[in-house]
Amino acid sequence: MKEANEKLKKLLEDMLVIREFETTVQKHFAEGEIPGFVHLYLGEEAVAVGACSALTENDYITSTHRGHGHLLARGGDIKKMMAEIFGKATGYNKGKGGSMHIADVSLGILGANGIVGAGLPIAAGSGITAQILDTDAVTICFFGDGASNRGTFHEALNMASVWNLPVVFVCENNMYGISMPQYKTEGRKGQNIKDVSDRAVAYGISGVTVDGNDVMAVNEAVTEAVKKARQGGGPSLVECKTYRWRGHFEGDPTVYRSDEELEQWKKKDPIPRFVKILKDQEVIDDKGYESLRSEVKSRIDEALQFAQDSPNPDPSELTTDVFYGGAE
Amino acid sequence: MKEANEKLKKLLEDMLVIREFETTVQKHFAEGEIPGFVHLYLGEEAVAVGACSALTENDYITSTHRGHGHLLARGGDIKKMMAEIFGKATGYNKGKGGSMHIADVSLGILGANGIVGAGLPIAAGSGITAQILDTDAVTICFFGDGASNRGTFHEALNMASVWNLPVVFVCENNMYGISMPQYKTEGRKGQNIKDVSDRAVAYGISGVTVDGNDVMAVNEAVTEAVKKARQGGGPSLVECKTYRWRGHFEGDPTVYRSDEELEQWKKKDPIPRFVKILKDQEVIDDKGYESLRSEVKSRIDEALQFAQDSPNPDPSELTTDVFYGGAE
Amino acid sequence: MKKLSYAEALREAMAEEMERDGSVFIMGEDVGIFGGCFGVTGNLVERFGEDRVRDTPITETAIVGSAVGAAMTGSRPVAEIMFAGFMGVPMDEIFNQAAKMCYMTGGQAHVPMVIRVPNGAGIGAAAQHSERTEAWFTHIPGLKVVYPSNPADAKGLLKSAIRDENPVIFFEHKILYNHTGDVPEDKDFLIPFGKAEVKREGSDLTIVATGILVSHALTAAEKLAEDGIQVEVIDPRTLVPFDKEAVLKSVEKTGKLLIATEETKRGSVASEIAAVVAEEGLFYLEQPIKRVCAPDAPVPFSSVLEKAYLPDSEKIIAAVKEMV
Amino acid sequence: MKKLSYAEALREAMAEEMERDGSVFIMGEDVGIFGGCFGVTGNLVERFGEDRVRDTPITETAIVGSAVGAAMTGSRPVAEIMFAGFMGVPMDEIFNQAAKMCYMTGGQAHVPMVIRVPNGAGIGAAAQHSERTEAWFTHIPGLKVVYPSNPADAKGLLKSAIRDENPVIFFEHKILYNHTGDVPEDKDFLIPFGKAEVKREGSDLTIVATGILVSHALTAAEKLAEDGIQVEVIDPRTLVPFDKEAVLKSVEKTGKLLIATEETKRGSVASEIAAVVAEEGLFYLEQPIKRVCAPDAPVPFSSVLEKAYLPDSEKIIAAVKEMV
Ligand SMILES: Cc1ncc(C[n+]2csc(CCOP(=O)(O)OP(=O)(O)O)c2C)c(N)n1
Ligand SMILES: Cc1ncc(C[n+]2csc(CCOP(=O)(O)OP(=O)(O)O)c2C)c(N)n1
Ligand SMILES: [Mg+2]
Ligand SMILES: [Mg+2]
């Protein structure tokens, strides 16, 4: 019981960490402290947290351009993350990757990818290794609704299916790929089907759609898919319907969607929804929630400080890491 | 009535032309008169003939590496075809293309393609032109079961669906992509689904599977899909189950399949099946059939003679046609 | 003449050609209501409608593959691929379809299409959104490759590209988008392919530069002039066809050649230009050729590293001073 | 030593490495029971089973993309892409994933994988099955690019490639597959990357040749020797890393450089080699550099045209005679 409650609290904490982290990044991007493109995960916290909590230490994930949430949910070091996003030498990627490529490979994160849909075949490959080296590792592949229209989606799911690979394909359907709606009854749309999970049929694998703003629902569906994969049951497709609160990237004026739509989705904020459940189940009370929040907040502030105080990479780093183990 | 019979006879004649043409190519490839790769259409005649007979003059098709049958069914000039396969200056492509790239663009053939699956997006593009120029042209895209595993299949069908393009995707499921079975309950397989047409669901379009060795069945299904496309009803996927009698290319020892399997399929030879129907319906009698065959045979012999007597391209042709309308 | 930004000049070129020819249409990701990732297509969807300004799904392979089919059947697509670093995705459709269709069919078919490609680094976009991929396409027979360095050239070259009967890969540099300049208003203002422009005359050394490096080269030339070094700056404008004669003529005069491009050095367009001169102008050279390019590494995220990575006027000046 | 064909030497290299290291596996189209389109994998599936010799669907993008994921997680894929002309299909996975993963992650990840690629023309396979695409990959930082010209090199280089911790694009020439030669049997016979081999010594002119052109260059050298012209023939063996020193040393001795590759000339590896010498060995050159390559056109089908298209010993001899 107590343990179960701790697990529930951890889910909440992880979502709060993402919420705080992203809010902080948003603020400092606006202040011009962060170069390049930043794609925030605000509003989608339940997907990464619900999915990653279904994994064990030796498992793998592939991430995307919107990857902060995945890394945090997988237990990433907040300081190294913030430093990377600031382009500092102390960052995960020594400042060479930035927001779009931030990853902790030691946590089984196979890169955050700036190429939409690139993670799907990579995840299949991770599944191949599990067969070649005969491990029981499972790989979760995060990808968006927009990515499901790329050829890589088709080829990766087909390969995973014919080889029965231990991969769970988790689609973050946040309703848009930049300005393109995933589906609409008329007008511009990315695809002519309501649910991305309908595509599972094309590969003879199971596909389900869940409420992506319900962390428990996500966790349940992904846990089942992971179990199946680990037992040799092959790949699955789990679609999580959610919504991004911010523009596609910071600076996007979001002319392609209505404020009403956004407000509707904000009402479905995954955090208060989950807090209410925890309170009803007396897993947490107001005081406990507040102290958790402020504790999270101070960890993020610390990370921010660390990032701001960290040095830039030395120019000598420019041509290192082109090849592993030194020069050509 | 009479007209209907003529149409039926034309279907038979077209199948016979393909059968004779390919048999002749097979023989002369074996004799070393033809360079490169040759992929024969023997056994699959009903697909090209049934499908192309559903089109009008202004329509388009995209062809494949196994394209002789498509071009013949579309009304290609047998002499220019044979000459091209022999690499002669009098060929359709001036001897620059050969078997894999043979095409008559004036007949609306958008190239025969050596890249598996490359025709699918090209067909979608032809559909876009119909919308831009507001014509009622329909495009048939021929592709194989193996091609349906390529990303181009996914992206082209998705694009055709969201834009409601007038394209009919005709899958020639001949059970193999080189040595890879399209589907098997166990072991190596190209995909984990029995019918390629199951993939239509993933794009919200209609998909059907027909007997690809029954020229009438193919014609019926494709005619309906063409009608729908012409009327603005969008794309369809029509799968035709058939079998290639020869190896993937001439010279393939076909170690990956059994003689029994081949024999079973030869029993379903589309030509005798159709001849029987025409005889039962008294559209044709033995004499008529024999004279048709010998007439076809002599046309092919003539084409062969033409190809053999034709000159090779002049070396000066080497760098022409790199750019349309002359040099850079 | 009117002042336009490079992005506005490109938009005006597309608008004029779409007005002139109803078979011209645009397709790409977020080119409609979003106006394009770099705002180049802007409001064109309002002017020409969703049928002629087509927002595609995320589907680069189908964008280029369908452009080939559209071009073969009588329309004239202008496709946008959002970043030059994504050009590997539709590479097969460019290489095996667009570029070869005319030759493979013995001249029966042709493919009048344009692919517009935002090229280059300098905005902190890191390794997958900062590439310069023009060299790949110069190595593909059957393609024309264009790379304007200023607003007027952007307009005149894009109009020529849209009217060309062959596939054209049209590179645009992200940093140039908001550079402004005088642009002719003549609706038939066309810049012919294969004609380099001498952007600055000089007798001491020849700099051949492409894209954004033309600006850097001109800045360098001004500074060098203060030290009495007169540099000639040549902008080929089109990489294929390439105006070999203009370069050889200049090198014959100056005896020294520096080639400045933003590309990674190995296998670059800069290498090709050096090879051509080493073959056809060797005896003009009084000094070894120098290539001022980026190092053979992906583009780093950190602004400090990105600056160290990119060739600029200082690096050009330093190289020139080693040569004269 | 034993006599093996180039194809057999490649197969032996794979077999030995798979014996040695259980994490090495093969994947590609028809590499199993079919034995590979050119018979290179042959009977390996019988020896190692379908788990380690994986027949894939027609899915080049997933072949390379999954190879990257497999390599990042501890196995060592050896992928076959059936023809060099298909390398545009998985280009993004090679360029944005395999080549950049180590750099983008700041050295956290690495990608020990090999892509084997049958390269080149000469079998009447026409425009889409005869390409030479090595130049693209030399322009991609983070890749090593290998191109053996004989059976012994094929074995030693492929074994080194499989043991390398970085992505290697391994080009094989179709015509060489049945060339035979002596091949060392030592299970640790490795040829280091970045070491060129002088295949023939000579003092009058340097020929740098790659792949099949090494054979043609040696044939030409024999004939030229009859006329008293002593040509030095250098085979770089690996294009990245490239043994610049070996080439410069030879050119310093001979004063003349001819570069012979089967590529289309513009933007070729031949161009890069010319550029390097024009930068670092200009004063050694007594004559303009010459590139003997294919014309900038797709490969024609007709045997007559294909012969006219391809560089060979006659064309090398003619070019040499213009230089000495
Ligand atoms: C191959 C490729 N095409 C286009 C882009 C540009 N791009 C970056 S993110 C994005 C939208 C992705 O949509 P989705 O997959 O739904 O993910 P989301 O951003 O909604 O989380 C696009 C088009 C890219 N990075 N890679
Ligand atoms: C992109 C690509 N990959 C691989 C090949 C090699 N190849 C030529 S035909 C073929 C099999 C095609 O199978 P299918 O689509 O079923 O057509 P079929 O040959 O059975 O008619 C393959 C793998 C190719 N030409 N193009
Ligand atoms: Mg989305
Ligand atoms: Mg097939």
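The values are calculated or read from the model by the stated rules, or taken from the named source; none is laboratory data. What you see is a predicted model; the values in this text were computed from it and never measured. With ideal geometry, Cβ positions are generated from the backbone for all residues, glycine too; neighbour counts draw on all protein chains shown.
In segment A:45-79, which residue that is of a type in the set (D, E, K, R) and within 27 Å of A:GLN308 (Cα to Cα) is surrounded by the most Cβ atoms within 10 Å (Cβ to Cβ)? Working first, answer last.
Taking segment A:45-79 and keeping what is of a type in the set (D, E, K, R), we get A:45, A:57, A:59, A:66, A:74, A:77, A:79.
If we keep only those that are within 27 Å of A:GLN308 (Cα to Cα) as well, we get A:45, A:66, A:74, A:77, A:79.
Details: A:GLU45: 30, A:ARG66: 26, A:ARG74: 25, A:ASP77: 16, A:LYS79: 20.
Step by step, filter segment A:45-79, then rank; the result is A:GLU45.
Among the residues of segment B:149-175 satisfying the criterion of being within 14 Å of ligand 2 (Cβ to nearest atom) and more than 9 Å from every other protein chain (Cβ to nearest Cβ), which is farthest from the chain's Cα centre (by Cα)?
B:MET175
Looking for something surrounded by fewer than 24 Cβ atoms within 10 Å (Cβ to Cβ), more than 7 Å from every other protein chain (Cβ to nearest Cβ), part of a loop (DSSP other than H, G, I, E, B) and more than 10 Å from ligand 1 (Cβ to nearest atom) - is there at least one such residue anywhere in segment A:109-118?
no
Only one of (1) more than 14 Å from every other protein chain (Cβ to nearest Cβ); (2) of a type outside the set (Asp, Glu); (3) under 30 Å from A:LYS27 (Cβ atoms) is not met by A:ALA221, so which one is it?
Exception for A:ALA221: condition (3).
Of B:LYS194, B:LYS189, which residue is more than 14 Å from ligand 2 (Cβ to nearest atom) and part of a loop (DSSP other than H, G, I, E, B)?
Matching residue, one of B:LYS194, B:LYS189: B:LYS194.
Can you tell me which residue among C:ILE191, C:ILE140, C:ILE169 is under 16 Å from the mean Cα position of the chain (by Cα), among the aliphatic types (A, V, I, L, M) and surrounded by fewer than 22 Cβ atoms within 10 Å (Cβ to Cβ)?
On the way: C:ILE140 fails: surrounded by fewer than 22 Cβ atoms within 10 Å (Cβ to Cβ); C:ILE169 fails: surrounded by fewer than 22 Cβ atoms within 10 Å (Cβ to Cβ).
Only one candidate passes the filter, namely C:ILE191.
Only one residue in A:ILE132, A:ILE140, A:ILE178 is crowded, with 24+ Cβ neighbours inside 10 Å, more than 16 Å from ligand 4 (Cβ to nearest atom) and more than 14 Å from chain B (Cβ to nearest Cβ), so which one is that? Give the derivation first.
Values: A:ILE132 fails: crowded, with 24+ Cβ neighbours inside 10 Å; A:ILE178 fails: crowded, with 24+ Cβ neighbours inside 10 Å.
Residue meeting the stated conditions: A:ILE140.
Assuming B:ASP134 fulfils every condition listed in (1) more than 24 Å from A:THR185 (Cβ to Cβ); (2) within 16 Å of ligand 1 (Cβ to nearest atom); (3) acidic (Asp, Glu) apart from one, which condition is it?
All conditions are met except number (2).
Filter the helices (runs of 4 or more DSSP H) completely within segment A:1-106 down to those with at least 2 residues that are closer than 24 Å to C:PRO298 by Cα and in contact (Cβ under 8 Å) with a residue 12 or more places away in the chain. Can you show your working first?
Numbers: elements: A:2-30, A:45-52, A:68-73, A:78-85.
So the answer is A:68-73, A:78-85.
Kindly indicate the residue of segment B:1-36 that is aliphatic (A, V, I, L, M) and within 20 Å of the chain's Cα centre (by Cα) and also farthest from B:LEU71 (Cα to Cα) among those meeting that condition. Write out each step before concluding.
Taking segment B:1-36 as the starting set, the residues that turn out to be aliphatic (A, V, I, L, M) are B:1, B:4, B:8, B:11-12, B:15-18, B:25, B:30, B:34.
Pick out the ones that are also within 20 Å of the chain's Cα centre (by Cα) and you get B:8, B:11-12, B:15-18, B:25.
Numbers: B:LEU8: 19, B:LEU11: 14, B:LEU12: 16, B:MET15: 12, B:LEU16: 14, B:VAL17: 11, B:ILE18: 9, B:VAL25: 15 Å.
Ranking the candidates gives B:LEU8 first.
Just one of the numbered conditions (1) within 16 Å of ligand 2 (Cβ to nearest atom); (2) surrounded by fewer than 22 Cβ atoms within 10 Å (Cβ to Cβ) is not true of B:ARG230; which one?
Every condition holds for B:ARG230 apart from (1).
So, in segment B:309-328, how many residues would count as being in contact (Cβ under 8 Å) with a residue 24 or more places away in the chain and in contact with a helix residue (DSSP H, G or I) (Cβ under 8 Å, 6 or more places away or on another chain)?
Within segment B:309-328, the first condition is being in contact (Cβ under 8 Å) with a residue 24 or more places away in the chain, and the residues that meet it are B:310-314, B:317, B:321.
Subset that is in contact with a helix residue (DSSP H, G or I) (Cβ under 8 Å, 6 or more places away or on another chain): B:310, B:312-313, B:317, B:321.
Of the residues in that region, 5 qualify.
Go through segment A:113-137 and give me each residue that's within 16 Å of ligand 3 (Cβ to nearest atom) and either at pLDDT below 95 or within 22 Å of B:ALA156 (Cα to Cα) (or both). Show your work before the answer.
Just the residues of segment A:113-137 that are within 16 Å of ligand 3 (Cβ to nearest atom), to begin with: A:113-120.
Across segment A:113-137, the qualifying residues are A:ILE115, A:VAL116, A:GLY117, A:ALA118, A:GLY119, A:LEU120.
Hey, any hits in segment B:138-154 for a residue that's within 17 Å of A:ASN158 (Cα to Cα), touching a Pro at 6+ places or on another chain (Cβ under 6 Å), away from ligand 1 (no atom under 16 Å from the Cβ) and not in a strand (DSSP E or B)?
Of the residues in segment B:138-154, the ones within 17 Å of A:ASN158 (Cα to Cα) are B:144-154.
Among the residues that remain, those that are also touching a Pro at 6+ places or on another chain (Cβ under 6 Å) are: B:149, B:152.
Applying the additional criterion that residues be away from ligand 1 (no atom under 16 Å from the Cβ) yields B:149.
Going one step further and asking which of them are not in a strand (DSSP E or B), we end up with B:149.
Yes, segment B:138-154 contains at least one residue that is within 17 Å of A:ASN158 (Cα to Cα), touching a Pro at 6+ places or on another chain (Cβ under 6 Å), away from ligand 1 (no atom under 16 Å from the Cβ) and not in a strand (DSSP E or B).
When you check D:THR73 against the structure, is it of a type in the set (Ser, Thr, Tyr) and more than 22 Å from D:HIS173 (Cα to Cα), yes or no? Break it down stepwise before answering.
Working: of a type in the set (Ser, Thr, Tyr): yes; more than 22 Å from D:HIS173 (Cα to Cα): yes.
Criteria met by D:THR73.
Does segment B:181-193 include one or more residues that are away from ligand 3 (no atom under 16 Å from the Cβ), facing chain A (nearest Cβ under 7 Å), free of Cβ contacts under 8 Å to residues at least 12 places away in the same chain and in contact with a Ser or Thr (Cβ under 7 Å, 6 or more places away or on another chain)?
Yes: segment B:181-193 contains one or more residues that are away from ligand 3 (no atom under 16 Å from the Cβ), facing chain A (nearest Cβ under 7 Å), free of Cβ contacts under 8 Å to residues at least 12 places away in the same chain and in contact with a Ser or Thr (Cβ under 7 Å, 6 or more places away or on another chain).
Report yes if some residue within segment D:250-273 is farther than 28 Å from D:MET87 by Cα and free of Cβ contacts under 8 Å to residues at least 12 places away in the same chain; otherwise report no.
No, segment D:250-273 contains no residue that is farther than 28 Å from D:MET87 by Cα and free of Cβ contacts under 8 Å to residues at least 12 places away in the same chain.
Only one of C:PRO295, C:PRO311 is under 30 Å from D:GLN97 (Cβ atoms) and surrounded by fewer than 24 Cβ atoms within 10 Å (Cβ to Cβ); which? So that I can check it myself, show each step before the final result.
Details: C:PRO311 fails: surrounded by fewer than 24 Cβ atoms within 10 Å (Cβ to Cβ).
One residue alone meets the criteria, C:PRO295.
Of all the residues that make up segment B:181-206, how many are modelled with pLDDT of 95 or more, more than 16 Å from D:ILE33 (Cβ to Cβ) and either surrounded by fewer than 24 Cβ atoms within 10 Å (Cβ to Cβ) or away from ligand 4 (no atom under 16 Å from the Cβ) (or both)?
14
Quick grid of which residues meet (1) in contact with a helix residue (DSSP H, G or I) (Cβ under 9 Å, 6 or more places away or on another chain); (2) within 7 Å of another protein chain (Cβ to nearest Cβ); (3) on the phi < 0 side of the Ramachandran plot:
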position: C:VAL64; (1), (2), (3): yes, no, yes
position: C:ALA70; (1), (2), (3): yes, yes, yes
position: C:PHE95; (1), (2), (3): yes, yes, yes
position: C:VAL111; (1), (2), (3): yes, no, yes
position: C:GLY120; (1), (2), (3): yes, no, no
position: C:TRP136; (1), (2), (3): yes, yes, yes
position: C:TYR147; (1), (2), (3): yes, no, yes
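How many residues are in contact (Cβ under 8 Å) with a residue 40 or more places away in the chain and in a helix (DSSP H, G or I) if we restrict to segment C:226-236?
0
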